[in-house]
Amino acid sequence: MVKRAATTLVAVAMGATALATAPAYADDVAPSPSPTPSPTAGDNARKPYTPDPRILSVDVDPDVVVVSRGRSAQVTARVTTKDVQSVDIDLWGPRGRGDHGGDHWFGKRKGGPNDGPKFDRASRSWSFDWSDRAGTYRVHVEAIGLDGKKYTEDRSFTVKRREWHAPRPSGAKATRIAGFDATPNPVRKGRGLTLKGTLQVAQCWGDWYYDDWDNFSGRRGGDRYCHDSRNYWNDWHWLGSQDVKVYFQPSGSGRWQYVDTIETDGDGDFATRVRAWRSGTWAVRFDGNRRLKGSEATEYVRVWRH
């Protein structure tokens with residue numbers, strides 16, 4: 001009995017030893033993935049911007065400049081650039097002489113190489129008048145890029161003079177007899193009477209009558225174009241070496257009587273002396289000619305007896 005129990009104990013002990021030394025088996029488990037390496041700062045950084053210097057545009061306005069006497073006109077050049085440090089805008093005339101001094105400095109990019117393209121604009125204007133030479137002018141643009149290289153561009157425009165050649169005279173210019181006076185008035189019968197006045201011709205600016213000032217069109221003559229209310233009115237001008245006829249119409253009569261012909265002096269003045277026998281109207285008349293319209297003036301004079 002003792003031996004059998006010992007055998008059992010030995011068997012139990014051996015079983016325990018076998019359990020302790022046997023490998024442990026469990027359910028299959030999926031392997032975990034390999035860990036992802038963390039990114040470095042250099043992998044996410046943007047690539048540096050490579051400057052692309054150029055002159056994008058040169059616009060000249062207007063491309064035809066028209067100047068008139070006494071007036072000026074302006075032309076403007078506008079320049080658009082990319083990735084440049086500075087721009088110089090110069091003007092070259094018809095004979096190649098340059099007008100310098102149009103430098104524009106933009107400086108370098110402030111933030112660094114990753115800021116992207118750098119756009120800038122610059123402009124320069126010139127004024128032209130009658131003293132400037134007509135012809136073709138050239139706007140010369142020089143730009144220094146961020147790469148240190150020089151870039152150029154040219155644009156041309158034309159300067160013209162508005163030459164206004166007056167048309168051949170047509171029609172007749174207006175005239176007037178100013179300040180006509182018969183003295184004394186009244187006058188004693190048989191006494192002398194002095195008739196005097198001044199013959200004048202209407203004169204607008206430049207001796208022309210303009211019907212359209214802005215378009216410089218007009219014609220010499222035509223009194224309807226020359227009025228005091230117009231801002232280009234000048235004045236009346238003397239008209240010398242012209243014949244002025246003297247007439248008299250007695251009171252109660254419907255007929256004019258020719259009396260005399262007198263000539264205006266260098267200042268357009270005329271004067272004559274006549275005898276007064278009857279009351280009536282004295283008249284002086286300029287008949288005019290192909291270039292000048294006629295005009296007249298009258299004055300009534302009363303003659304009294306002793």
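Remarks
Yes/no per residue for (1) in contact with a Ser or Thr (Cβ under 7 Å, 6 or more places away or on another chain); (2) on the phi < 0 side of the Ramachandran plot; (3) modelled with pLDDT of 75 or more; (4) crowded, with 17+ Cβ neighbours inside 10 Å:
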residue	(1), (2), (3), (4)
Leu56	yes, yes, yes, no
Val84	no, yes, yes, yes
Asp99	no, yes, no, no
Asp103	yes, yes, no, no
Lys110	no, yes, no, no
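- Residue in region 154-163 that is under 30 Å from Trp282 (Cα atoms), part of a strand (DSSP E or B), modelled with pLDDT of 70 or more and within 38 Å of the chain's Cα centre (by Cα) present: no
- For region 270-300, a tally of residues being surrounded by 15 or more Cβ atoms within 10 Å (Cβ to Cβ) and not in a strand (DSSP E or B) returns 4.
The values are calculated or read from the model by the stated rules, or taken from the named source; none is laboratory data. For clarity, every value in this text was computed on a predicted model and none was experimentally measured. Cβ sites come from the backbone with ideal geometry, for glycine too, and all protein chains shown count toward neighbours.
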